[in-house]
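The values are calculated or read from the model by the stated rules, or taken from the named source; none is laboratory data. Remember, it's a predicted structure, so these values are computed and weren't measured experimentally. FYI the Cβ positions are ideal-geometry reconstructions off the backbone, even for glycines, and counts take in every protein chain you see.
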Amino acid sequence: MPTINKILFFPVLCCLFLFALFLVVPAAYAENFYIQNYDVLIEANEKKSVKVTENIDVFFLHPSHGIIREIPHKKASITNIRTQGKSNISNIGKTVEIKLGSADKTVSGIQNYRITYNYNYHDNKNEFYHNVIGPEWKVPIKNAKFTLIMPKPIDPSKAGLSIGGIDAAGFESGAEFDITDNVKITGKTLRELRPNEGITFRAEVPPGYFETYRSYAAYISVFLLGLLALASFYIWDRYGKDDHVTPVVTFKIPVGLNAIQAELAYKGEASDKGLSAMIVELANKGYVRINNQSDSFVLEKLKPYEQASLEQDYLNALFGSNSSISKAQIEKSQTYYLQCRSIVRAANKEREIIYDIRTIKGLLPQIMTGIMSAIAFITLFSFCDFSIRSFFSADSFSIAALFFIFGTPFFSKEWNKYAKALLLTGFAIFAVSFLILGYASYENINVSVLGLACLAVSWICADNLPKRSPKGKQLLSELEGLRKFIQTAEKNELEEMAEKNPRQFYDILPYAFVLGVSDVWIKKLNKFLEAHPVQEKPAYDIGRLHGFSSNFTALSKPSRLNGGIKTSHHSSSHGGGGRVGRGGGGGGGRSW
């Protein structure tokens, strides 16, 4: 039995060893090779362009066609690539791939590969920050050395070497380097570089050490951005600039305008605030009673609105089949805020009455939107260093961004919230995706900031493009006159109004809300009525009306109570700057 155990023990041990070897070797050498020697010569010039010569001795564990050298260039360009032997060069996004070897044959054992290329920095930073060997290599590097020649002397106290994994700082006992005549830097590793470890050199240099990098694309972009912003301003000045309106001070309410229509005529857009003014107007007309308390209220429906109108729609949205409704019931209503949106949209369709139709629909708004789309594109293009490859590096994100940005003028013939949402969505998709994916470049940040400023100018011009029609100017004049009366009315004028039509005090209130002077009118009204009481009382408490209006307006907005806003969770993350691997050049490679 002992003999049999000994006989079985040996093959089992061999199997376990082979199994362990099978697991360990692929883990260590998943790319089927390791690098025996890595020798780099880097020659920099005053244009901040470096000539890089790499000699790489590769040991293949199994037959392979060769290696693929990957060199990233997010803020630079790579030119004059030369190799020893057969190769194929391709540029994928912000990475150059150099395929070394032949598809017709395989090699094994030790092989030498020599690559020469120019790495041209596109920045004006007062530093030289270069990855001598990038941390993207997923194989061990047994020995590494480098020689770096700077174009002019540097301050050795402001130069340093880092070795290790991504973001590692310093080199401890892992490497050594010397600086000769403050120009020539030589260094080598004192230990094996493990997979995903690299070497980075950085030196601070004084201003003017390198020549200023200038991009003709930046100058062209600045010219185009300015031209487009001027074009949008010209269109607004030529077609959209309103004529001067002279208000005629009066306490008369414009005939035929309810509160929300008055808001539209005055501000150019109806909103939820007009609805809260409309409920006061309906109370004045005897359709509703407002039992408003300090922090709550109950509304009573006194009679139906017979004529089809916005008022009828609003009463139906508010009460439905009920004769009364409380604040708590409105807060929890799953339909009220949606019906409010519908009524506001219906009110805004009457914009064509107060504006020149050419300035709110059709060609002019489309041209303005097209101008903004072009400005947004140029701004984003500068954000990725004017590189078409970089722009499309995000693949589907870039295509989606272009779809939204340039599709905006075609999807919306008006400059409204939908057009704004489309444009901003496209802009955000691109900007956020490029920040996350790391393709963003800040070398042309001045152009990007100018682009944002020009976009803001065009945006403001588009917002103010709608020009008032003769009817719209007349209504604005009347409303401005009413607003001025509310602000400036003296005691004798109020007495005259009380004598002619006491109810006019209350009838002005809804319009005071949409004109933004309700607090002024309520104060004057309370003070006057204390000294001159009138027999007719309104269907609400005037003293609490301002607070009621604010609370009531909030109820027409989506909230968690009415189901318009869902509970969400947010998280954030942050990261620091890089060290190893955060300079230019470097990269890694793989076998094929």
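From the list PRO140, PRO156, the one residue that fits, being over 14 Å from ASN45 (Cα atoms), in contact with a helix residue (DSSP H, G or I) (Cβ under 9 Å, 6 or more places away or on another chain) and surrounded by fewer than 23 Cβ atoms within 10 Å (Cβ to Cβ), is PRO140. Consider the stretch 507-521 and keep the residues that are aliphatic (A, V, I, L, M) and under 43 Å from the mean Cα position of the chain (by Cα). The one that is surrounded by the fewest Cβ atoms within 10 Å (Cβ to Cβ) is VAL520. Screening TYR540 against (1) among the hydroxyl-bearing types (Ser, Thr, Tyr); (2) crowded, with 18+ Cβ neighbours inside 10 Å; (3) in a helix (DSSP H, G or I) leaves a single unmet condition, (3).
For LEU529, the criteria (1) in a helix (DSSP H, G or I); (2) modelled with pLDDT of 80 or more hold in every case but one, which is (2). Among the residues in the stretch 498-509, are any modelled with pLDDT of 80 or more and among the β-branched types (Val, Ile, Thr)? Within the stretch 498-509, one or more residues are modelled with pLDDT of 80 or more and among the β-branched types (Val, Ile, Thr). Out of all the residues in the stretch 62-98, which are crowded, with 18+ Cβ neighbours inside 10 Å, part of a strand (DSSP E or B) and either acidic (Asp, Glu) or touching a helix residue (DSSP H, G or I) at 6+ places or on another chain (Cβ under 7 Å) (or both)? If the condition is that a residue be crowded, with 18+ Cβ neighbours inside 10 Å, part of a strand (DSSP E or B) and either acidic (Asp, Glu) or touching a helix residue (DSSP H, G or I) at 6+ places or on another chain (Cβ under 7 Å) (or both), then GLU70 is the only one that fits.
Restricting attention to the stretch 42-61, the residues being part of a strand (DSSP E or B) and touching a residue at least 60 places away in the same chain (Cβ under 8 Å) number 10.
Kindly establish whether LYS500 is of a type in the set (Lys, Arg), free of Cβ contacts under 8 Å to residues at least 12 places away in the same chain and more than 13 Å from VAL249 (Cα to Cα). It is true that LYS500 is of a type in the set (Lys, Arg), free of Cβ contacts under 8 Å to residues at least 12 places away in the same chain and more than 13 Å from VAL249 (Cα to Cα).
For the stretch 109-158, the set of residues classified as of a type in the set (Ser, Thr, Tyr) and in a strand (DSSP E or B) consists of TYR113, THR116, TYR117, TYR119, TYR121, TYR129, THR147, listed by residue number. Within the span defined as the stretch 114-133, one or more residues are under 20 Å from ASN32 (Cα atoms) and either modelled with pLDDT of 90 or more or surrounded by 18 or more Cβ atoms within 10 Å (Cβ to Cβ) (or both). Each residue in the stretch 497-506 was checked for being surrounded by 13 or more Cβ atoms within 10 Å (Cβ to Cβ) and part of a helix (DSSP H, G or I), and 5 of them qualify. Of the residues ARG238, ARG202, the single one that is closer than 19 Å to GLN366 by Cβ, outside any loop (DSSP other than H, G, I, E, B) and not hydrophobic (A, V, I, L, M, F, W, C) is ARG238.
Listed here are the residues, each with its yes/no results for (1) among the small types (Gly, Ala, Ser); (2) modelled with pLDDT of 75 or more; (3) assigned to a helix (DSSP H, G or I).
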| residue | (1), (2), (3) |
| --- | --- |
| MET368 | no, yes, yes |
| ALA374 | yes, yes, yes |
| PHE377 | no, yes, yes |
| SER382 | yes, yes, yes |
| ASP385 | no, no, no |
| SER393 | yes, no, no |
| ILE399 | no, yes, yes |
| ILE405 | no, yes, yes |
| THR408 | no, yes, yes |
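Screening the candidates TYR239, TYR234, TYR213 for the property of being among the hydroxyl-bearing types (Ser, Thr, Tyr) and either within 30 Å of ASN143 (Cβ to Cβ) or free of Cβ contacts under 8 Å to residues at least 12 places away in the same chain (or both) yields one hit, TYR234. Scanning the stretch 159-199 for residues that are assigned to a loop (DSSP other than H, G, I, E, B) and out of contact with any strand residue (DSSP E or B) (no Cβ under 7 Å at 6 or more places or on another chain) turns up GLY165, GLU172, SER173, ASP181, ASN182, ARG191, ARG194, PRO195, ASN196.
Scanning for something touching a Ser or Thr at 6+ places or on another chain (Cβ under 8 Å) and aliphatic (A, V, I, L, M), does the stretch 298-307 turn up at least one residue? Checked against the condition, which is being touching a Ser or Thr at 6+ places or on another chain (Cβ under 8 Å) and aliphatic (A, V, I, L, M), the stretch 298-307 yields at least one hit. Of all residues in the stretch 302-335, exactly one satisfies the criterion of being touching an Asp or Glu at 6+ places or on another chain (Cβ under 9 Å), surrounded by 16 or more Cβ atoms within 10 Å (Cβ to Cβ) and assigned to a loop (DSSP other than H, G, I, E, B), namely TYR305.
Of the residues making up the stretch 159-201, those that are charged (D, E, K, R) and in contact (Cβ under 8 Å) with a residue 12 or more places away in the chain are ASP167, GLU176, ASP181, LYS184, LYS188, ARG191, GLU192, ARG194, GLU197.
To keep it simple, each residue is scored yes or no on (1) modelled with pLDDT of 60 or more; (2) of a type in the set (Lys, Arg).
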position	(1), (2)
GLN535	yes, no
PRO538	yes, no
SER573	no, no
ARG579	no, yes
ARG582	no, yes
TRP592	yes, no
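Residue-wise test of (1) of a type in the set (Phe, Trp, Tyr); (2) out of contact with any Phe, Trp or Tyr (no Cβ under 8 Å at 6 or more places or on another chain); (3) outside the structural domain of ASN37 (by TED's automatic domain parsing); (4) exposed (fewer than 13 other Cβ atoms within 10 Å of the Cβ).
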| residue | (1), (2), (3), (4) |
| --- | --- |
| GLY165 | no, yes, no, no |
| GLY170 | no, yes, no, no |
| ALA175 | no, yes, no, no |
| ASP181 | no, yes, no, yes |
| THR189 | no, yes, no, no |
| PRO195 | no, no, no, no |
| THR200 | no, no, no, no |
| ALA203 | no, no, no, no |
| TYR209 | yes, yes, no, no |
